[in-house]
Each structure stands twice: as structure tokens, then as C-alpha cells.
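So the structure is just underneath, and the comments pick up after that.
Any read-out appearing in this document is the output of simple, stated calculations on the displayed coordinates, not a laboratory observation. As the structure is a computational prediction, the values presented were derived from the model and not from experiment. Cβ coordinates were reconstructed from backbone atoms using ideal geometry, including for glycine residues, and neighbour counts include every protein chain displayed.
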Amino acid sequence: MREHVLPVAMLFVALGITATGRQAVAGDVAVAPRGEYATIDTRLATETIQALTNGSAEDRQKAIDQIKAAPDKYAPPVLYALGSVLFQDGKKDEGSFWFLAGFLRAAFDAARCADLSAREAVAVLTQQYDKPIKQYLLQDLDKLQALVLQAIEWDRSTPYHYDHRWINLHGMDAIISGLDVAASPSPSPPLSLPKEQWDDIAEKTRAEFLAGFQSIVASRKKHDGQGQ
């Protein structure tokens, strides 16, 4: 069984404990989720992100080529990482596209995730990677709109052949499942919303994704216009 490393602060929340009046402990706590959570396959994503961020130049390029050849196989965190690597390499438009594609797919996985606490993973991922890309895209609003539309069409036409339950590992249910190792694993609650709802959820997510960026563009243009 693989271990999933979770921040101490999240462990406190899962236990209903606060750190008020006590010094917070630095570092991470390793929790091995049990039951259905133990079947969630994050191996490819973990290995690919490792190659992208810490691998040799050869390993990194190989990972980039593999993702581009079969992007349907890679969970959103990989797409975020790919976008960041390409952006840092000077391929700013391409990097921005993959960042947006990862953002959109992560938002869909969050929307179909039954554990509401796990949905916060999208904000964490986005904040980890978005600052330089956001600054770049806000310099050219037409480019931003074009890349958003490109990401939506790519998402609509690209299958989902990865384990969408990756996001569940960031929720409280997964943490709780691994806390009492002496007890027999209890049946896991449903990890995802019913599959028959997914198509509608996906389209709603795309619509909200587009509307969100349209709002940013409109607000930015209004601000720039007032500044003239």
C-alpha cells in the first residue's frame, strides 16, 4: 500500500484538533489511506512529475514528449507541472495552455468528487503554479481568451483515461480512512458523484471556466479603460 503524505494542518482538521495556544509542528505526516482509497492509482502522475521537476534533461524531455503524445493518460497535476516547465523554458504560450488545461480538468474532477473537502486541491494546485503565468496572460487579454477557448475545446475532445479519484486523496475522508490502522477498514463512502451525471457536470464546469475568465477579461478591460 502506498503512503500519501498529508500536511499536519490537514491532519489536525481531520481530528477536530486546533493548534491554538500550541506551537504548530513543522513537516508532514505520512498517512496510508485504506479501503477503496488504497486502490487509487497515482503512480504514473507521481513518476512523471518527478521526472519533470527533478529529472535529468533527458528524463524531462522524455516526460514532456510522453505527455504530449497521450495527454488523456495524465491526471491534472501533471498538466499543471508540464505547463510550469514549458513556461519556465520560454515556451510561454504553450505552457499557459497546459496550465489552463490542467486547471479545467482539475475543476471537473473536483466537481464530480463526493468529498467536498477534497475539492480544495484545485485552489492549492492553482496557487502553486499560477503567479507567473497569470501575470503573463493578463498582459494580452486577447491571447488569454484564445487560450481559454483552446483549453475548453481540447478538454471536450480529449478522453479521460486517468484515475480521476486522485483528488479524493486530498480530502478528509481519505485521511480518516488511514488514521486507525488497528481497526478493520470500513466500507468507503462513495468517492464520486454518480457517473450518469458526469457529462452534465463536465459541460457545466467548462461553462463556468469560460465565464470566470470572461469576467476577468471584462474587469481588466474596464480597469484599463478607466486608467486612460
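Quick notes on this one:
- Computed about its Cα centre, the charge dipole of the stretch 99-143 is approximately 40 debye, with only Lys, Arg, Asp and Glu carrying charge at their Cβ.
- Sequentially through the stretch 40-48, phi angles give Karplus couplings (6.51, -1.76, 1.60; θ = phi - 60°) of 5, 9, 10, 4, 4, 4, 4, 5, 6 Hz, Gly and Pro residues having no value and appearing as x.
- When each of T205, T46 is scored by the number of other beta-carbon atoms lying within 10 Å, the sequence from fewest to most is T46, T205.
- Here the simple spin-label model places points 7 Å from the Cα toward Cβ, and for E196 and L141 these points are separated by 4.4 nm.
- Between E153 and V124, the FRET efficiency estimated from the beta carbon spacing at R0 = 25 angstrom works out to 0.40.
- With each label modelled as a point 7 angstrom along the Cα→C-beta vector, the Q61-A211 pair spans 4.5 nm.
- Residues with amide H under 5 Å from that of C113, placed H, sequence gap 5 or more: L193
- Counting beta carbons within 10 Å around each of V85, V78, V124 and listing the fewest first gives the order V124, V85, V78.
- Under Karplus coefficients 6.51, -1.76 and 1.60, residue-wise ³J(HN,Hα) of the stretch 90-99 in Hz, glycine/proline x: x, 8, 5, 5, 5, x, 5, 4, 5, 4
- With a threshold of 18 Å on the Cα-Cα distance, the over-threshold entries among K92/K131; K68/K134; K68/K195; K68/K92 are K68/K134; K68/K195.
- Residue exposure proxy: D115, D224, D93, ordered by other Cβ atoms within 10 angstrom of their Cβ from fewest to most, comes out as D224, D93, D115.
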